[in-house]
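Here's the structure, in structure tokens; my notes come after.
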Amino acid sequence: MLVSCSSTRHVPQGQLLLDKVNINVTDPHEDVQSTELVNYLRQTENHRVLGGLKLQLALYNMSGHDSTRWYNRWIQRVGAPPVLYDSTLTLASAEQLHTALINQGYMNNEVNYRVKTDTARRKAVVDYDITLHDPYYIRSISYDIPDDSLREIIMADTARFNVREGDLLNFNHLDEWRQTITENLRNHGYFAFNKEYITFTADTAAGSLAVDLTLNSRDPYHNDRMPYYTQHRPFYVRNVTYVTHYDPVAMQYGYSGNDTVLVGQVRVFQGENAYLRADVLDECNYIEPGGLYNAEDVNRTYRALGRLNVLKLVNIDIRPVGEMDGKVWVDAYLLLQPDKAQTVSLSLEGTNSEGDLGFGVGADYEHRNIFKGAEVLSAKFKLSYESLSGNLSGLINDNYSEYATELGITFPKFMFPFLHRSFKRKIQASTEFAINFDYQARPEYTRIIAGGAWKYIWSEHYNQVRHTVTLCDISFVNVPKFNEAFFDQITNPLLRYSYQDHLIMRMGYNFYRTNKVQGTALMHNHNTFQSNVYTWRANGETAGNLLYAMSHITGQKAEADDSYKLLGIRYAQYVKAEADYSLTHYFDRRQSLAFHVGAGVAIPYGNGNVLPFEKRFYSGGANSVRGWGVRTLGPGSYNSNNSLSNFIYQCGDIRFDINLEYRAKLFWVVELGLFVDAGNIWTIKDYEDQPGGVFKFNKFYEQIAAAYGLGIRLDFTYFLVRVDMGMKAHNPASGQEHWPLTNPKFSRDAEFHFSVGYPF
């Protein structure tokens, strides 16, 4: 139906549909690709997906001409109108291409365009023919900086310069160079310096492509706000003032407050209530009164204040105030607006499992400023209950019930003894403490799960790098009552472990890094299109070492199985590490190709001969190999005849995943995904109940499962809903069809997944 609609249905008479735009580049060095030049075009054809289908235009053409009908209006809103050929935009595109190539060093470039029109079909095709000749390159670089102070600062930072002798004369790189120098000078007090004070002189000999480049510094322009600023001079900070109840309307002619408090050398204009303690404001300020102005100190202050969840708005106003005592000065005003301190949410759900009725009640509470230091207190409570019918003889409980609660508090500072204040301010870490308690009553058993954690979290480089250090995380499982028959039928040590008393005391480290530019007011060019975005995730943890050492130091006697216990409970000991890398290549703003690879390994040792069930890896599911349901793949060639009852066996000590996914924005909020997944899990030890699951170097590659499929995603900007359908391509499970790719069967090989967010 979409294909049958005429692509020119909504093209007015006398006009043409811009059907296709081609960029043809003749470059003897093959350094410039046509795909790099598309962004300079002022007009392109309607967006294409799946190799050429103009889906958005096809949808738009399904609408009628009667705009009073809601159906036509809705279809036109989710589709895209035809792009009408405009000769003025074609000329402007040619000029843009010519200028862009000059900026890249190709002064002698030729840009011509050809327009092929088909009046009968009402379509036009535009070809841009670009011929590039040898580019200009930089033979030498010199500096003309009369001011000795400026010259010393600039030349001390040459390692960061992005322009070198031998490079092409790229004007874009020269502008980035100017920006780098400006940022460095502003970090050394030169508040009024901007990149327009840096110019370049390019000298070339007749007929030569070699350029002798000179970087020049210019004297300041006349500025009515700063008539005293006639030569480049460093600025000093006179006063730093907090305005805790900033009102842009009431304070448009000056900042004020109900009360003024002095915190060290910093003034605080307070409103009716002092909602933040003075020591918190002091810790968040990096701008020192009496010191040199430093733009990086301003950015640090932004970041520190931005971490306080009680604040709705943070702004910093730097105002020049004039010359005094032979120096030029600025005042810094830190403008804050408070947000709501407390939030409460409630949830209620009902269940019906084959006639057994149940309900669940949940309550969440959060206080973002519990001690007037922007500490975040969070509390969660959940109650679930479900009645049971039928024969309940021999069972411990006659219902399903659960009572769970979590309590946590986050301090926006590094809380640890003996650390110097300068170190804590440099790291800008948050400290988290949390405890949890979960009481579960089931027909076969009663189980109590409790725990607590102590963590440090901080970020760097505008949140592109994040660290999480788990200093201590304790998890305790106690099973006070259980049905003997239920426990006796469990032969797998992994499953038995999860229903036995056990203790995990671990510590760990998580690392995250990406080159994705976050759009913030502190960054330059944050709207720049990134063609490649990568993400690294890595984490490692270890458990039981401190307890094991204490057991030996205190001379504790081992149990019959050579294990040690704490308070009568055996504790786990293991080491675990995993890493994931993903790379997304954006062909344009609507199409991308995403790649992911990840691996992990966990090894029990010492006091633990088996890895805790909750720390083992699993495969299959919406974020793994999507031809299998969650926890239904592996380990190795293990064959699960019943995924409902045998899922407990489908876990391992080693994991490997690799994925490739094509993503395309179709229309409105609808996206398409085409993917290929591969991976599996394995065990380190050969368990009787997991035949074929052990990792062997000469067999593991034969046991890598593969799947393919497609998905529909709904991108609502703030969150993405995803529905994927995966089909098995290679199934390593023994006794099953190994190559369903060549012998597909939908009922056997298909798996559907519903999830939120991209898989990687």
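The values are calculated or read from the model by the stated rules, or taken from the named source; none is laboratory data. Computed from a prediction, not measured in an experiment: that's the story for all the values here. Don't worry about glycine lacking a Cβ; one is built from the backbone with ideal geometry, like all the others, and counts go over all protein chains shown. Only protein heavy atoms, including side chains, enter the accessible area calculation; ligands, DNA and RNA are left aside. Shrake-Rupley method; radii C 1.70, N 1.55, O 1.52, S 1.80 Å.
Could you give the distance between the Cα centres of segment 543-568 and segment 589-621, to the whole Å?
Answer, in whole Å: 28.
To the nearest 0.05, how large is the calculated FRET efficiency for R164 and Y581 if R₀ is 30 Å and r is the Cβ-Cβ distance? Mind dumping the intermediate values first?
Values: r = 30 Å, r/R0 = 1.00.
For R0 = 30 Å, the calculated efficiency reads 0.50.
Return one whole number: the accessible area per residue of segment 565-606 in Å², for a 1.4 Å probe. Intermediate values should be presented prior to the final figure.
Numbers: 1990 Å² over 42 residues.
Accessible surface, normalised per residue, equals 47 Å².
Please report the relative contact order for segment 242-333, taking Cα pairs under 8 Å with a sequence separation of at least 6, and give it as a percent rounded to a whole number. Each step should come with its number before you reach the end.
Details: 95 pairs, mean separation 16.4, N = 92.
Contact order relative to length: 18 percent.
Could you calculate the contour length gain from S208 to E296, that is, 0.36 nm times the residue separation minus the distance between their Cα atoms, to one decimal place in nm?
Working: separation 88, 0.36 × 88 = 31.68 nm, distance 4.25 nm.
Full extension from S208 to E296 adds 27.4 nm.
Kindly report the accessible area of segment 306-395 per residue (heavy atoms of protein chains, probe 1.4 Å, no ligands, DNA or RNA), in Å². Mind dumping the intermediate values first?
Values: 5090 Å² over 90 residues.
Value for segment 306-395: 57 Å² per residue.
Full extension from S734 to T119: what is 0.36 nm times the residue separation minus their Cα-Cα distance, to one decimal in nm?
Working: separation 615, 0.36 × 615 = 221.40 nm, distance 6.36 nm.
Fully extending the segment from S734 to T119 adds 215.0 nm.
So for K557, K665, what's the accessible-area order with a 1.4 Å probe, most first?
Numbers: K557 170, K665 65 Å².
Per-residue accessible area, sorted high to low, gives K557, K665.
For segment 30-42, take each phi angle, set θ = phi - 60°, evaluate the Karplus expression 6.51 cos²θ - 1.76 cosθ + 1.60, and give the result in whole Hz per residue in order, putting x for glycine and proline.
6, 8, 10, 9, 4, 5, 6, 9, 4, 5, 8, 6, 7
Just the accessible area for R442, please: 1.4 Å probe, Å², rounded to the nearest 10?
Probe radius 1.4 Å; accessible area of R442 about 50 Å².
Just to confirm the number: angle between the C-alpha axis of helix 295-306 and the first principal axis of the chain, 0 to 90 degrees, nearest 10?
The answer is roughly 40 degrees.
Solvent-accessible area of E484, probe 1.4 Å, all protein chains present, reported in Å² to the nearest ten, please.
So the heavy atoms of E484 present about 110 Å² to solvent.
Specify which labelled value, from (1) 24; (2) 17; (3) 31, agrees with percent of Cα pairs over 53 Å apart derived from the coordinates of the model shown.
(3)
In whole Hz, what ³J(HN,Hα) sequence does segment 735-743 give by Karplus (6.51, -1.76, 1.60; θ = phi - 60°), x for Gly and Pro?
With coefficients 6.51, -1.76 and 1.60, one gets x, 10, 4, 6, 10, x, 4, 8, 9 Hz.
On a 1.4 Å probe surface of the protein chains, which of Y649, Y400 comes out largest in accessible area, and what is the full order? Write down the numbers at each step before the final one.
On the way: Y649 40, Y400 80 Å².
The ranking, largest first, comes out as Y400, Y649.
Hey, what's segment 4-127 come to in accessible area per residue, 1.4 Å probe, Å²? Provide the component values of the computation, followed by the final result.
Working: 6700 Å² over 124 residues.
Accessible surface, normalised per residue, equals 54 Å².
Calculated from DSSP H runs of 4 or more alone, at -39500 (n - 2.57) each and per residue, what is the 222 nm mean residue ellipticity of the chain, nearest 500?
Details: 13 runs with 111 residues, N = 760.
-4000 deg cm²/dmol, from helical runs alone.
Quick one: accessible surface of K728, probe radius 1.4 Å, all protein chains present, in square angstrom to the nearest 10.
Roughly 20 Å² of K728 is accessible to a 1.4 Å probe.
What ranking of D31, D724, D148 comes out by heavy-atom accessible area, probe 1.4 Å, highest first? Could you put the intermediate results ahead of the total?
Numbers: D31 90, D724 0, D148 115 Å².
My answer, sorted largest first, is D148, D31, D724.
So for the chain, averaging the separation of alpha carbon pairs under 8 Å that are six or more residues apart and normalising by length, what relative contact order in percent results?
Values: 1690 pairs, mean separation 43.3, N = 760.
Relative contact order, the chain: 6 percent.
Before anything else, pin down the relative contact order of segment 640-728: Cα pairs under 8 Å, at least 6 apart, normalised by residue count, whole percent.
Details: 148 pairs, mean separation 22.8, N = 89.
Reported as a whole number, the value is 26 percent.
What chymotrypsin sites (Phe, Trp or Tyr not before Pro) does segment 314-399 have in DSSP loop regions with at most 13 other beta carbons within 10 Å?
Details: sites: W329, Y333, F359, Y365, F371, F381, Y385; in loops: F371.
In loop regions of segment 314-399 (DSSP not H, G, I, E or B), the sparsely surrounded chymotrypsin sites (Phe, Trp or Tyr not before Pro) are F371.
Give me the percent of accessible area attributable to carbon and sulfur for the chain, probe 1.4 angstrom.
On the way: 21010 of 39380 Å².
Solvent-exposed carbon and sulfur of the chain make up 53 percent of the total.
Give the long-range amide H neighbours of L311: residues separated by 5 or more places, or on another chain, with amide H under 5 Å away, using H modelled in the peptide plane at 1.01 Å from N.
Placed amide hydrogens put D339 under 5 Å from L311.
Given the C-alpha centroids of segment 223-247 and segment 68-100, what is the distance between them in whole angstrom?
46
Please list, ordered by chain and number, the residues whose modelled amide H lies under 5 Å from the amide H of Y113; skip anything fewer than 5 residues away on the same chain.
D129
Over segment 9-133, with a single point scatterer placed on each C-alpha, what log10 of the ratio I(q)/I(0) does the Debye formula yield at q = 0.13, 0.22 1/Å?
The Cα Debye sum returns log10 ratios of -0.61, -1.22.
Can you tell me the 0 to 90 degree angle between the C-alpha axis of helix 171-186 and the longest principal axis of the chain, rounded to 10?
80
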